[in-house]
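This report concerns only the one structure given below.
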């Protein structure tokens, strides 16, 4: 479900010419789920920490869910970006590539390179956000360590880094997404 009406509107100019205008929105976000994930991250960040730590959270940040939610948010946006590149391909090729490259790592590297001729990090560099690539690598590494049995990888420092880099990552994402949209539009 899209939160905005994406259908074109008809406007009339001063000479009475009817012009079909498609809606435009700032940036690459706009799905309801994006805003839900951002709201959940904000709520977790603002949640008061408990007075005493217990065995369940010892060794990991009490706000570790901020990292998990951020990475879920990033994965969904990365999927959206590679889907943009897949739209011009025949359905059987699209399905094969989606099955073959189904992780966020392969989206950022192999599939991204197949679709756009560069890796996601290269696009981050092109929009002046190379540091965000390093930040994403650290978050992904810690998240993977957590998933594979090391909850201590989700530290308070990592949570703080995710929050501190949120706007810069978001701005970089929008710049890359808009770059890919404009290149795709120029070369259908």
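The values are calculated or read from the model by the stated rules, or taken from the named source; none is laboratory data. Computed from a predicted structure; not experimentally measured. Counting neighbours? That spans all protein chains shown, and the Cβs are built from the backbone with ideal geometry, glycine included.
Here are the numbers for the structure shown:
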{"item": "Meets criteria (assigned to a loop (DSSP other than H, G, I, E, B), under 21 Å from residue 67 (Cβ atoms) and modelled with pLDDT of 90 or more) for residue 133", "result": "no"}
{"item": "Condition met for residue 150 (without any contact (Cβ under 8 Å) to a residue 24 or more places away in the chain and within 18 Å of residue 63 (Cβ to Cβ))", "result": "yes"}
{"item": "Residue check, residue 61 surrounded by 13 or more Cβ atoms within 10 Å (Cβ to Cβ), touching a residue at least 12 places away in the same chain (Cβ under 8 Å) and within 19 Å of residue 158 (Cα to Cα)", "result": "yes"}
{"item": "Matching residues in the stretch 153-162 - criterion: being farther than 19 Å from residue 131 by Cβ and either in contact with a helix residue (DSSP H, G or I) (Cβ under 8 Å, 6 or more places away or on another chain) or at pLDDT 95 or above (or both)", "result": "153, 154, 155"}
{"item": "Qualifying positions in the stretch 103-130 - under 16 Å from the mean Cα position of the chain (by Cα), under 17 Å from residue 171 (Cα atoms) and outside any helix (DSSP H, G or I)", "result": "127, 129"}
{"item": "Qualifying positions in the stretch 1-29 - surrounded by 11 or more Cβ atoms within 10 Å (Cβ to Cβ) and at pLDDT 65 or above", "result": "8"}
{"item": "Qualifying residue in the stretch 122-129 (condition: out of contact with any helix residue (DSSP H, G or I) (no Cβ under 7 Å at 6 or more places or on another chain) and under 28 Å from residue 61 (Cβ atoms))", "result": "no"}
{"item": "Residue, surrounded by the fewest Cβ atoms within 10 Å (Cβ to Cβ), within the stretch 88-127, restricted to residues that are in contact (Cβ under 8 Å) with a residue 40 or more places away in the chain and under 29 Å from residue 167 (Cβ atoms)", "result": "126"}
{"item": "Test: residue in the stretch 71-84 that is at pLDDT 95 or above, in a helix (DSSP H, G or I), more than 14 Å from the chain's Cα centre (by Cα) and within 20 Å of residue 169 (Cβ to Cβ)", "result": "no"}
